[in-house]
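Starting off with a structure, shown below.
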Amino acid sequence: MWASADILPVEGWQVREIERAAAQGEVVPRLLSSAEEWLLWRQCTAEATEDLGLLDPAGLAESLRRASVLAANFEVSVAILADVPGLEAPLLYRVQRAVDERSRSFGAARMHSLPVGSPACSSARAARFRGFLKLPPRLVSLGGVQPELAEPLALPRAVWAADETEELERIALWCRQQVAADPRARLLVLLPGAPGVRERLATLIRQTVDARGWLDSGASGAQDAPVASLAVIEGGSAFARSPVAAHALSALRWLAGAPAQFNDVSEWLRAPFWSSPDAVARARIDLWLRHRGLTSVTLSHWRMILAGVPAEILEAARVVAERLESATRALGEGPASPRDWSERFRAALQALGWPGGRTRGSGEQQTVVRVHELLDEFGQLAMVVRALSRGDAVHWLAELAARTTYRPADEDAIVTISPALADPVARYDGIWVAGLHADALPQPVQADPFLPLTLQLRSSIPQASPAGRLEEAQRLMKAWRAATGELVLSVPRRSGELELLPSPLLRPWLADAEARDTPRRPVWLAARIHRATQLESVEDPGVPWPAEQSLPAGTRTLELQNLCPFRAYAELRLGSGEMEAPEPGVGSDVRGELLHAALQKLWQTLKESRALVDRPESALGELIEQSVAQAASVIFAPRHGTATPRSRERLLARECRRAVRLIGQLCALERDRGPFRVQATEAETTLTLGGARLRLRIDRLDELEDGSRAILDYKSGRRRPGDWYSERPSHPQLLAYLAAHRDSAVAVATVNVTAREVRFDGIADGADRLPRVRAVQAADAGMSSQEAWQLRTREWLSRLERLATEFLAGRAVLDPKPGACDYCHAIGICRISERALERLSEAAELIFEPLDV
């Protein structure tokens with residue numbers, strides 16, 4: 001009934017006009033596709049800078065391409081840059097000339113190289129440009145017009161927030177108010193900065209506007225839940241990072257012969273993009289591989305590995321091997337055109353069973369389609385590159401995916417979050433522009449480094465001068481006011497420890513904001529909602545441990561219960577152990593075993609300090625080497641009767657030399673001790689604490705000159721300083737050893753044997769018991785050292801009994817010791833973030849007035 005408007009990006013509009021002119025019989029050049037132009041800039045840049053040894057030639061090529069487009073839009077002639085002093089401008093001239101010459105040899109042209117009078121730059125229908133703060137001269141020459149902004153302009157409201165966190169909270173509350181007033185409202189939030197900030201804001205909006213829907217979608221794990229359409233984020237990330245595309249690229253890279261690190265192989269195996277074998281079978285293969293000690297794997301190596309799998313995973317391994325063989329045949333070898341490689345890649349992925357047969361959500365299905373589109377784009381490179389090797393083809397495909405920005409299309413959203421301070425183009429019911437401090441608006445000057453500054457200023461390129469940036473900012477303010485009837489401009493007072501000044505363009509509306517928005521310390525919105533006074537806390541213990549059985553991991557049980565009761569329950573009761581991963585060289589656990597075994601053999605020979613002191617240095621060195629060799633012959637013994645590779649032999653020999661050196665340093669330290677006799681090494685005993693039985697293995701038990709004992713525990717990892725007086729001491733295993741020998745032990749210490757240092761670290765009843773080991777602190781000034789030792793021993797025993805009793809009762813509360821979460825593998829299931837919010841809420845209740853949310 002009426003003529004509909006064609007809404008196209010500028011380049012899309014020009015492509016359509018060229019096609020229309022060609023259909024009418026006019027002679028027009030073939031336009032390069034986006035992928036072809038990218039590859040030409042990439043190749044020509046590499047050739048022009050091959051003697052520079054660049055770290056990021058792809059980034060340089062993209063910067064040169066953008067500079068070329070900028071010059072074309074503002075009618076700056078690149079030809080005059082050939083003789084400009086410096087490196088940047090002549091480089092742009094040489095690379096652009098090479099790109100255009102190579103394009104002409106293919107009978108093609110770049111869009112921005114076409115003259116304004118060409119058919120591509122004339123239109124049968126009048127063009128109206130929207131979204132430009134200022135039309136570049138090239139677009140003005142095309143004859144289009146930019147309509148004036150609609151009147152009336154909204155009166156902005158300024159908001160001062162205490163910091164960036166409070167700013168996000170206020171945006172979320174504003175969105176809820178707008179939606180409550182009109183459920184059909186469409187809102188826009190402009191939030192520049194890091195992507196993580198926008199993700200947090202999107203979550204906050206979903207929590208605030210539809211808390212029940214957010215909780216339900218989180219519980220069900222639904223990826224396409226309706227609550228997701230409440231807030232969507234414009235833009236995207238590198239396509240190569242999306243899980244579906246990353247899995248496909250990893251498979252092709254591996255099939256092409258590139259070695260893969262174990263972590264990449266493990267992630268590839270456990271990914272859900274397989275049709276067979278099933279996830280459990282693939283997880284079992286992954287678990288078996290972890291015990292093989294492989295740090296990297298190639299395709300040929302993989303075939304040999306699968307030939308030796310145990311019977312329980314043999315069928316799954318056979319299916320994986322067959323799929324790899326089929327995919328390798330489909331991929332083929334030898335040079336081929338990009339079009340052929342595109343078809344081969346598709347066939348290889350199909351032979352692997354990618355992307356699997358599971359039901360996919362909308363976003364994942366769109367990503368799968370985009371992978372096939374990317375393969376088609378790669379095939380279009382056949383006009384630019386005649387033949388590629390297999391490795392080069394995979395490399396160029398991966399680089400093309402990395403430069404492609406992608407985000408699946410979202411449903412019609414209530415709130416759109418955009419990272420760009422730009423003209424909204426469409427009209428919204430409400431717009432909130434955040435982060436408008438003085439460094440953000442006007443935006444900083446960003447002159448292009450490949451165009452001389454004088455030319456940029458002469459051509460009035462906005463980003464090249466403060467005046468241009470100021471004019472842009474003023475036009476932005478007008479565009480925002482014209483696009484909505486409800487405009488909010490906000491600025492945080494602080495960013496971390498940095499105080500921020502508001503943009504000077506906000507000055508007309510700041511007076512009201514200053515009076516209305518008094519600074520206050522922010523409290524996270526979720527913490528306000530989950531106030532302690534609004535919740536009922538219920539202790540929910542786990543299943544008790546049978547008292548007749550010994551604790552499952554000896555003193556490790558007490559150590560985990562001390563770190564975090566939930567971690568102890570998860571690891572020792574639920575089986576949530578940390579998955580092993582191969583390490584280069586000798587693993588830290590094997591290194592510790594070697595030192596323990598060598599020191600045990602050494603002291604079985606020496607027996608006492610006198611033998612250590614009287615033995616000459618050369619004889620002691622021989623004994624240490626002999627002890628290490630005997631220990632290594634057991635610990636490094638070849639498995640399953642296989643021979644040790646020569647490279648592995650060199651590695652183990654180097655590890656033995658390291659052990660000899662460290663043990664020599666320890667012996668030098670022990671020569672300065674008072675007389676002692678090694679009463680036992682690796683001594684096993686049993687201890688009962690609070691009704692719980694523990695099996696103990698003490699590394700070393702020394703009898704001192706007065707008949708008392710010192711308990712030593714070897715440590716080959718990072719040293720943890722002793723904390724002996726808090727409610728949660730740092731070494732509960734040492735205290736358990738002390739409890740087992742409390743009648744005679746007067747000192748406990750770790751013996752740290754590492755390349756960084758060799759030292760004793762512990763506590764004793766006196767300062768002269770062990771090197772650098774401090775005496776116990778007395779509770780009051782009149783207490784003797786013996787009385788202080790006995791008092792502290794009783795305190796430690798009481799704390800150990802409490803830990804043992806709690807584990808027996810199944811107490812698994814989420815109460816981590818400071819620092820316990822840094823390297824915890826169970827953090828994904830413990831919901832520590834919710835506990836942190838509860839604590840923040842409790843603090844907020846004491847400091848601030850409750851806010852009505």
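The values are calculated or read from the model by the stated rules, or taken from the named source; none is laboratory data. Note that this is a predicted model, so its numbers are computed, not measured. Reconstructed Cβ throughout: ideal geometry from the backbone, glycine too, with neighbour counts over all protein chains shown. Ligands, DNA and RNA are stripped out before the accessible areas are found, and what is left, the full protein with its side chains, is counted by its heavy atoms. Shrake-Rupley method; radii C 1.70, N 1.55, O 1.52, S 1.80 Å.
Label-point separation (nm) for Thr203 and Leu314, each offset 7 Å from Cα along Cα-to-Cβ?
Label-label distance for Thr203 and Leu314, simple model: 4.7 nm.
Same structure, new question: How about the range 256-353: which GluC sites (Glu not before Pro) there lie in a loop by DSSP and see at most 13 other Cβ atoms within 10 Å?
Qualifying residues, ordered by number: Glu333.
If you take every residue apart from Gln146 with its C-beta less than 15 Å away from the C-beta of Gln146, what net charge results, scoring Lys and Arg +1 and Asp and Glu -1?
Neighbourhood net charge equals +2.
Which whole-angstrom value gives the distance between the alpha carbon centres of the range 255-315 and the range 330-347?
25
Tell me the label-point distance for the pair Ile7, Glu19, using the 7 Å Cα-to-Cβ offset, in nm and rounded to one decimal.
Roughly 1.9 nm, to one decimal.
Going from most exposed to least, what order do Asp286, Asp768, Asp210 have by accessible area with a 1.4 Å probe?
So the residues, ranked largest to smallest area, are Asp768, Asp210, Asp286.
Return the percentage of antiparallel bridges among DSSP beta bridges fully within the chain, rounded to the nearest 5 %.
If I count the DSSP bridges inside the chain, around 50 percent turn out antiparallel.
Give the calculated FRET efficiency between Ala347 and Ala438 to the nearest 0.05, with a Förster radius of 45 Å applied to their Cβ-Cβ distance.
0.20
Along the range 267-281, what does the Karplus equation 6.51 cos²θ - 1.76 cosθ + 1.60 (θ = phi - 60°) give for ³J(HN,Hα), rounded to whole Hz, x for Gly and Pro?
Listing the rounded values in order: 5, 5, 5, 8, 5, x, 9, 10, 8, 6, x, 6, 4, 5, 5 Hz.
Rounded, prolate or oblate for the range 352-509? Axes are the square roots of the Cα gyration tensor eigenvalues, ordered a ≥ b ≥ c, and the cut-off for rounded is a/c under 1.5.
oblate
Let me ask you something else. Hey, which lysines would be in cross-link range of Lys134, C-alpha to C-alpha under 22 Å, not counting anything within fewer than 8 residues on its own chain?
Here the lysines satisfying the reach criterion relative to Lys134 are Lys478.
Considering only protein heavy atoms, what per residue accessible area in square angstrom results for the chain with a 1.4 angstrom probe?
So the chain comes to 50 Å² accessible per residue, rounded to a whole number.
If you stretched the chain out fully between Thr685 and Leu791, how much longer would it get, using 0.36 nm times the residue separation minus the C-alpha to C-alpha distance?
Here the answer is 35.8 nm.
Give the residues of the range 138-165 whose amide nitrogen is closer than 17 Å to a point set 7 Å from the Cα of Arg507 in the direction of its Cβ.
158
Then there is this: On the accessible surface of the chain, probed at 1.4 Å, how many percent belong to carbon and sulfur atoms?
Using a 1.4 Å probe with all protein chains present, the chain comes out at 51 percent carbon and sulfur.
For Lys817, give me every one of the aspartates and glutamates with a C-alpha distance below 15 angstrom, ignoring sequence neighbours fewer than eight places off in its own chain.
Glu559, Asp723, Glu727
By the gyration tensor of its Cα atoms, with a ≥ b ≥ c the square roots of the eigenvalues, what is the shape of the range 1-110: rounded for a/c under 1.5, prolate for a/b over b/c, or oblate?
It is prolate, given that a/c is not under 1.5 and a/b is the larger ratio.
Between Ala211 and Arg657, take the C-beta separation as r, use R0 = 45 Å, and let me know the FRET efficiency to the nearest 0.05.
Approximately 0.15, to the nearest 0.05.
Stretched out fully, how many nm does the piece from Ser744 to Tyr725 gain, at 0.36 nm a residue minus the Cα gap?
Value of the extension gain: 4.7 nm.
Shifting gears a bit: Using DSSP to define loop residues, name the GluC sites (Glu not before Pro) in the range 627-725 whose beta-carbon has at most 11 other beta-carbon atoms within 10 Å.
Those satisfying the criteria are Glu705.
Now, a different point. How much length is gained if the chain between Ala447 and Asp815 is pulled fully straight, taking 0.36 nm per residue apart and subtracting their Cα-Cα distance, in nm to one decimal?
Gain on stretching Ala447 to Asp815: 127.2 nm.
For the range 765-815 and the range 445-474, what is the separation of their Cα centres, given in Å?
If you average the Cα positions of each part, the centres end up 69 Å apart.
Here's another thing I want to ask about it. Testing the spin-label approximation: label points 7 Å from Cα along Cα→Cβ at Thr754 and Glu50. State their distance in nm.
Rounded to a tenth, the inter-label distance reads 4.9 nm.
Which of Phe760, Val543, Gly664 sits closest to the plus end of the dipole of the chain, meaning its Cα is farthest towards the positive end, when Lys and Arg get +1 and Asp and Glu get -1 on the C-beta?
Farthest towards the positive pole: Gly664.
Only one of the values (i) 1.22; (ii) 0.97; (iii) 1.09 was calculated from this structure for Cα Rg over 2.2 N^0.38 Å; name its label.
Among (i) 1.22; (ii) 0.97; (iii) 1.09, the one derived from this structure is (i).
May I pose another question? Lysines near Lys607 by alpha-carbon distance under 30 Å, same-chain residues fewer than 8 away left out - which ones?
Reachable lysines: Lys715.
Then there's this: Taking R0 as 45 Å, what FRET efficiency do you get between Arg610 and Arg648 from their Cβ-Cβ distance, rounded to the nearest 0.05?
0.70
Longest exposed-loop-site-free stretch of the chain, with chymotrypsin sites (Phe, Trp or Tyr not before Pro), DSSP loop and at most 13 other Cβ within 10 Å?
Counting at most 13 other Cβ atoms within 10 Å as exposed, the longest clean stretch of the chain is 3-724.
Rounding to the nearest 20 debye, state how big the charge dipole of the range 170-324 is about its Cα centre with +1 on each Lys and Arg Cβ and -1 on each Asp and Glu Cβ.
Here the range 170-324 has a charge dipole of around 300 debye.
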